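Undergrad: Handing you a structure now.
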Amino acid sequence: MAGAAQAAPDSAAAPGTKAASRPRAGARAARRAGGPAQVAVLETAQGKVVIKLFDKDAPKTAANFKRLVQEKFYDGTYFHRLIAGFMIQGGDPNTKNSDPSDDGIGGPGYTVTAEIKLPHRRGSVATARQGDDVNPKKDSSGSQFFIDLAPQPGLDRGGYTVFGEVLSGMDVVDKIAGLIPSGKNFGNAGYNPGKAALITRAYLEPLSRWEKPAVDSAGIK
């Protein structure tokens, strides 16, 4: 996320971004969306994370995410903020450079209109954003996202756009969260593991490749 972290109602730091960015609704990306349902596959140092995208409930956000994946925006970035029991956060292009001090403040230069409808469950994928003091409309970061490690009712009250869920690879997400050194408290800033949490590449695949086909009572697909 880019921007100052905001305290969430459940006492964990809410996913946010550190720097303001130029607003953009993401409507153009949504208009380009269409065709068969797709998933986003993140190949990480720990394995594959497959994300089912909620095209109906968060059309602008899902379309923007798919466009960035197609543009290889996320290739070579890493999850820069890990908070035990809360979430892992990534999607900042600044993580591609050699200066970790600017991790969390980068993005594509625009925000996406909020589409706040769905609750935060374990495996929910949502957008980071700036705090309400500078972002009262709760618009989403253009690229930074996080994956919930557990249900987060505090974020439901706080208002963050959930645009997908982990369809496969939650064990990989847990492995990434497991990079946090044991016995240490990194507070709301979280732990930055650097390239140990690298996303080597991201790409789209048809949802049909990952969903199990229906089976009738006779066991015939």
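Undergrad: Kindly write out, for the range 82-97 in residue order, the coupling ³J(HN,Hα) from the Karplus curve 6.51 cos²θ - 1.76 cosθ + 1.60 (θ = phi - 60°), rounded to whole Hz, with x marking Gly and Pro.
TA: Result, ordered by residue: 10, 10, 4, x, 10, 6, 10, 10, x, x, 8, x, 5, 5, 7, 8 Hz.
Undergrad: Show the residues, 5+ positions off or on another chain, whose built amide H is closer than 5 Å to the amide H of THR44.
TA: VAL49, THR200
Undergrad: Length gain on complete extension for the stretch LYS184 to ASP133, per 0.36 nm per residue less the alpha carbon to alpha carbon distance? Could the numbers behind the result be given before it?
TA: On the way: separation 51, 0.36 × 51 = 18.36 nm, distance 3.04 nm.
Taking 0.36 nm per residue and subtracting the Cα distance, the gain is 15.3 nm.
Undergrad: Among the listed pairs LYS175/LYS195; LYS52/LYS137; LYS52/LYS175, which are separated by more than 22 Å between their Cα atoms?
TA: On the way: LYS175/LYS195 14 Å; LYS52/LYS137 26 Å; LYS52/LYS175 20 Å.
LYS52/LYS137, as the Cα separations exceed 22 Å there.
Undergrad: Kirkwood Rh, the range 93-151, all Cα pairs: how many Å? Walk me through the numbers on the way to the answer.
TA: On the way: mean 1/r = 0.0784 Å⁻¹.
By the Kirkwood definition, the hydrodynamic radius is 12.8 Å.
Undergrad: Give me the extension gain from GLU211 to LYS175: residue separation times 0.36 nm, minus the current Cα-Cα distance, reported in nm with one decimal. All intermediate terms of the calculation are to be shown ahead of the outcome.
TA: Numbers: separation 36, 0.36 × 36 = 12.96 nm, distance 2.33 nm.
Net length gain for the segment: 10.6 nm.
Undergrad: Follow-up. Tabulate in residue order the Karplus-calculated ³J(HN,Hα) for the range 53-59, using 6.51 cos²θ - 1.76 cosθ + 1.60 with θ = phi - 60°, rounded to whole Hz; enter x for Gly and Pro.
TA: After applying 6.51 cos²θ - 1.76 cosθ + 1.60, I find 9, 8, 5, 7, 7, 9, x Hz.
Undergrad: Could you tell me the calculated FRET efficiency between ALA37 and ALA196, based on Cβ-Cβ distance and R0 = 45 angstrom, to the nearest 0.05?
TA: On the way: r = 32 Å, r/R0 = 0.72.
Once rounded, the FRET efficiency stands at 0.90.
Undergrad: Please list the non-local residues whose amide H lies under 5 Å from the amide H of GLY107, H modeled 1.01 Å from N, same-chain partners needing a gap of 5 or more.
TA: ASN94
Undergrad: On to the next question. Compactness ratio of the range 16-207: Cα Rg over 2.2 N^0.38 Å, N = residue count? Provide the component values of the computation, followed by the final result.
TA: Numbers: Rg = 15.1 Å, N = 192, 2.2 N^0.38 = 16.2 Å.
Compactness ratio reported: 0.93.
Undergrad: List every residue whose amide H lies under 5 Å from the amide H of THR161, counting only residues 5 or more places away in sequence or on a different chain, with H placed 1.01 Å from N in the peptide plane.
TA: Excluding prolines and chain starts, which carry no amide H, the hits are GLU115, THR127.
Undergrad: Same structure, new question: Under the Karplus relation 6.51 cos²θ - 1.76 cosθ + 1.60, θ = phi - 60°, what is the ordered set of whole-Hz ³J(HN,Hα) values for the range 105-111, x standing for Gly and Pro?
TA: Result, ordered by residue: 10, x, x, x, x, 8, 10 Hz.
Undergrad: I would also like to ask the following. Cross-link candidates for LYS96: which aspartates and glutamates have Cα within less than 12 Å, leaving aside residues fewer than 8 places away along the same chain?
TA: ASP75
The numbers here are math on the coordinates, done by the rules we state, and not lab data. Keep in mind it's a predicted model, so treat the numbers as computed, not measured. A quick note on method: Cβ atoms are made from the backbone with ideal geometry, for glycine too, and the neighbour counts reach across all protein chains shown.
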